[in-house]
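Peer 1: Handing you a structure now.
No lab work stands behind these numbers, since they all come straight from the coordinates. These numbers were taken from a predicted model, which means no experiment stands behind them. Don't worry about glycine lacking a Cβ; one is built from the backbone with ideal geometry, like all the others, and counts go over all protein chains shown.
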Amino acid sequence: MADKSQATVEIVVFIPEQCSPLDLSSVVEPFELTNKQLGYEKYQLRYASQKQGQLSISSYLTLSVDYTFNDEFDCDVLIILNQYKPSAPLPQSVKKRLQDLYQQKNIEIFAGYAGVFWLAESGLLAKGTSALHWSMMDEFNDAFSQLDISVNLYESLNRITTCSGRVAMLDCMINWLETQESRELVHALSEQLCMDRIRPANERQNIPSNHLGGDLQPRLTMSIERMESNIEEPLSMDEIADSVNISRRQLERLFKRYLNCMPAKYYFQLRLKKARQLLLNTNKSIIQIGLCCGFSSGPHFSSAYKTFYGLTPREERTALFNVKE
């Protein structure tokens, strides 16, 4: 029998207006399954919104609101989810409430999908880089041009995590649970969810290449397509720039503006991402995978892979085998 006196973790999910059922289930399901594994309700979820009563999530799903955001409540974790950016400027009371929860209550805050706008408007994203769903990047950049945007699935800094949302929210929550629970429990959780792996924060979103930079920057799209077509035998940055009729400096400025990184780094990470896909989904040898992704030296491939993913290719494949066992 589980010890009911064990400490609980109070989680408040703040849905200001409306959120996607997918975002919501990606948050709720990991905690409910973890509670079942533990045998008691360690993770206790409550819901907050701007108004009391029933909150409509979709035509078939409503939630009972436990708190309005102006109510006094304590929590260990606050998760902000919303489907759209704020429909009007945030009231000063909401900004102050978010600031107080973070600065005085010392809680952890997560924001997914358009929930990131609430943190930005409250001044809580002044430092670091924020992850945002690719479809909202232009809109966010227009509103908060002084803030850095990441194309990664999620970013964490100083108790604040921003997430691109959707299924990435599931990876984000399970990644956080890894810091709270045993590795065995998290492996059991991933098996329950039929996940072959938990994607790390630094994995990039799968952004349609024709979206990057919008229609106004076709050369950025063309440059990325050149990179994706030349993984095994990488091109130099000068060759890529020449192929799209711009200078290397112009290429670097495009990548810095729209992807917040240099083209060489982006290309390098594309190759590592391809290597990881081959490592986890094929029976190719590690040496073959390195060669397929433009790494002529095994040690160089292993070192680069570990720097980016935290494990060597051999450790990654062994860990996958152990989970499936």
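Peer 1: Indicate, rounded to the nearest 5 percent, the antiparallel portion of the DSSP beta bridges found entirely in region 9-192.
Peer 2: In region 9-192, approximately 25 percent of DSSP beta bridges are antiparallel ones.
Peer 1: Which of the peptides 183-196, 79-92 is most tightly packed, and how do the rest follow, judged by the mean count of other Cβ atoms within 10 Å per residue?
Peer 2: 79-92, 183-196
Peer 1: For the pair Ala7/Thr62, report the inter-label distance in nm, with labels modelled 7 Å from Cα in the Cβ direction.
Peer 2: Computed distance between label sites Ala7 and Thr62 equals 3.8 nm.
Peer 1: Next up: Once whole DSSP H runs in the chain are found, which of them have Cα atoms spread over 18 Å or more along the helix axis and a mean Kyte-Doolittle score of at least -1.0?
Peer 2: The qualifying helices are 21-38, 263-281.
Peer 1: I would also like to ask the following. Choose one of Ala7, Phe295, Leu63: the residue whose Cα lies farthest towards the positive end of the charge dipole of the chain (beta-carbon charges +1 Lys, Arg; -1 Asp, Glu; about the Cα centre).
Peer 2: Value: Phe295.
Peer 1: What FRET efficiency do you get for Glu239 and Ser297 if R0 is 22 Å and r is their Cβ-Cβ distance, rounded to the nearest 0.05?
Peer 2: 0.55
Peer 1: Would you mind telling me which residue in Tyr258, Tyr40, Tyr267 has the biggest mean-square fluctuation in a Gaussian network model of the chain, where springs connect alpha carbons within a distance under 10 angstrom?
Peer 2: Checking each option, the largest mean-square fluctuation is seen for Tyr40.
Peer 1: To the nearest 0.05, how large is the calculated FRET efficiency for Ser87 and Ala126 if R₀ is 25 Å and r is the Cβ-Cβ distance?
Peer 2: Plugging the Cβ-Cβ distance into 1/(1 + (r/R0)^6) gives 0.60.
Peer 1: Over region 218-324, one equal point on each Cα, no solvent: what is log10 I(q)/I(0) by the Debye formula at q = 0.23, 0.24 Å⁻¹?
Peer 2: -1.15, -1.21
Peer 1: Under 12 Å Cα to Cα from Lys96, which aspartates and glutamates show up? Leave out anything in the same chain fewer than 8 places away.
Peer 2: Partners found: Glu121.
Peer 1: Starting from 0 in steps of 5 Å, tell me what percent of the Cα-Cα pairs of region 222-265 lands in each bin.
Peer 2: 5, 26, 36, 25, 8, 1
Peer 1: A further question follows. Starting from the Kirkwood radius over alpha-carbon pairs of region 1-85, derive D by Stokes-Einstein at 10 °C in a medium of 1.306 mPa s and give it in µm² s⁻¹.
Peer 2: D, rounded to a whole number, is 116 µm²/s.
Peer 1: Additional query: So in the chain, what percent of DSSP beta bridges are antiparallel if you round to the nearest 5?
Peer 2: 30
Peer 1: For Ile79, which sequence-distant residues (separation of 5 or more, or a different chain) have an amide H within less than 5 Å of its own amide H, given hydrogens modelled in the peptide plane?
Peer 2: Val12, Val13, Phe14, Phe110
Peer 1: What is the gain in length, in nm to one decimal, between Gln192 and Gln54 on full extension, counting 0.36 nm per residue of separation less the C-alpha to C-alpha distance?
Peer 2: 46.7 nm
Peer 1: Two decimals is fine: what's Rg over Rh for region 99-258, C-alpha atoms, Kirkwood radius as Rh?
Peer 2: Rg/Rh for region 99-258 comes to 1.04.
Peer 1: About its Cα centre, what dipole magnitude does region 9-192 give when the only charges are +1 on Lys and Arg Cβ and -1 on Asp and Glu Cβ, stated in debye to the nearest 20?
Peer 2: 320
Peer 1: Out of residues 5 or more away from Ser150 or on other chains, whose amide H comes under 5 Å of its own, with H placed 1.01 Å from N in the peptide plane?
Peer 2: Under 5 Å from the amide H of Ser150 lie the amide H atoms of Ser130, Ala131, Leu132, each far enough along the sequence or on another chain.
Peer 1: Choose one answer from Ile240, Ile109, Ile174: the residue with the largest mean-square fluctuation in a GNM of the chain with alpha-carbon springs under 10 Å.
Peer 2: Maximum among the listed residues: Ile240.
Peer 1: Pulled fully out, how much extra length does the chain show between Asn281 and Met222, if you take 0.36 nm times their separation in residues and subtract their Cα-Cα distance?
Peer 2: 18.5 nm
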